[in-house]
Amino acid sequence: MKSWILVLFAVGSVTIVDVVDNKVILLHHRRACLRQEGLSEDAFPTDEVHEIFTTMFQLESEQVPHETKCFLRCWLKRALIIGDHFTILKKRPGTDGICEGAARVAARGDECEFAFAYQKCDHSHAIHEFDY
């Protein structure tokens, strides 16, 4: 019985540490993208990045500031979902390229617009998780 309690305690500790580590990683990437895009820490009032993106994707493209779309572009590049020159790095099995093609058209040569249009169309990427 005592050994099970220790095992459960150890598993619980690992889970807590993993959640804390993920939050630290997300905050690191958030700050890096804010810095890269020349945005203030006050640009987004929350550290919960998924809330920022959820709100963003509920709006039409014209309603989302260009700087916010550039923040998303930085985020998707750091998550290795998109690359330079309108490339998709993480193609999901079964995707037919409709979102990628539509995003290229909507982007009109702007990577920030491309990132927004692509991610708004293709919700299969968990953009609040990083693969390391």
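Throughout, read-outs are computed from the coordinates displayed, never taken from laboratory work. Just so it is clear, the structure is predicted and the values come from calculations on it, not from any experiment. Positions of Cβ are backbone-derived with ideal geometry, glycine not excepted, and every protein chain shown enters the neighbour counts.
Cross-link partners for residue 91 among the aspartates and glutamates, with Cα-Cα distance under 20 Å and sequence neighbours closer than 8 places in the same chain left out: 100, 111, 113, 122, 129, 131. Taking 17 Å as the straight-line reach from the Cα of residue 23, none of the lysines fall in range once those fewer than 8 positions away in the same chain are excluded. Site pair residue 59 and residue 108 shows an inter-label distance of 1.8 nm when each label is modelled 7 Å from Cα along Cα→Cβ.
Bridging of residue 69 to lysines at a Cα separation below 17 Å is possible for 77, 120, once same-chain residues fewer than 8 apart are set aside. Neighbours of residue 30, meaning other residues whose beta-carbon lies under 12 angstrom from its beta-carbon, give a summed charge of -1 when Lys and Arg score +1 and Asp and Glu score -1.
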